[in-house]
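The values are calculated or read from the model by the stated rules, or taken from the named source; none is laboratory data. Keep in mind the model is a prediction, meaning the values are calculated, not measured. In this analysis, Cβ positions are derived from the backbone assuming ideal geometry, glycine residues included, and neighbour counts consider all displayed protein chains.
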Amino acid sequence: MVNFIFFFFSNLILVITQTVVVPNFSWFSYCFDLMIINVLYLSLFYPHYGVPFWIVILGSVMDSLSNAPFFLHTTAYLCIYLIVFFLRRLVFQHSAVFIFIVSLASVCIYQGLVMFSVFLLQGHKAITTTDYRLCIGQIIWAAVGIPFGIWFTKIIHQNFLYAVEQTRRHMVRKYRG
């Protein structure tokens, strides 16, 4: 339940940032999808079988709030989760190099699905050099932002769990007798 509360609020903060804050600043035009940070964090550090269910819910929320084709976020998040889920068993997942490579692969998967959906909806003439420039810019932002975001989320999650445990111990001592 404690993990659910943490992930609920961290997802809420990232959804608000992604949908309200990022579009209002021109220097964030190359920003990647921030929800990839939580998807990767859940995939790497929270090995629970309910994670795909929460990723589908998260993807559905982002599909509802974004202007992208429906199920784009859900499909991208599930693909990212599945790739990390299978790679996590083969490679040491706490390595910085692994997190960096998975971050780049995640953004490439997401951008590939975006380009594919544009291609399906509007044809190959709709994809211009601006779209490729945007894709490369998002990959560069992701190379820096996602590993830092995962590290920051891990620290905040550990501090949150520590604070909850300290509060629980304090309450037990206070009301025990």
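Out of all the residues in segment 17-43, which are more than 16 Å from Gly145 (Cβ to Cβ) and either surrounded by 14 or more Cβ atoms within 10 Å (Cβ to Cβ) or at pLDDT 90 or above (or both)?
Of segment 17-43, the ones more than 16 Å from Gly145 (Cβ to Cβ) are 19-20, 23-24, 26, 42-43.
Across segment 17-43, the qualifying residues are Thr19, Leu42, Ser43.
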> If you scan segment 49-66, which residues turn out to be surrounded by fewer than 16 Cβ atoms within 10 Å (Cβ to Cβ), free of Cβ contacts under 8 Å to residues at least 12 places away in the same chain and of a type outside the set (Ser, Thr, Tyr)?
Replying inline: Gly50, Phe53, Ile57
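In this structure, is Leu78 at pLDDT 90 or above, surrounded by fewer than 14 Cβ atoms within 10 Å (Cβ to Cβ) and part of a helix (DSSP H, G or I)? Spell out the reasoning first.
Numbers: at pLDDT 90 or above: yes; surrounded by fewer than 14 Cβ atoms within 10 Å (Cβ to Cβ): no; part of a helix (DSSP H, G or I): yes.
Answer is no for this residue.
Mind listing whichever residues of segment 76-125 are of a type in the set (Ser, Thr, Tyr) and over 13 Å from the mean Cα position of the chain (by Cα)?
Looking only at segment 76-125, we keep the residues that are of a type in the set (Ser, Thr, Tyr), and these are 77, 81, 95, 103, 106, 110, 117.
Passing the criteria: Ser95, Ser117.
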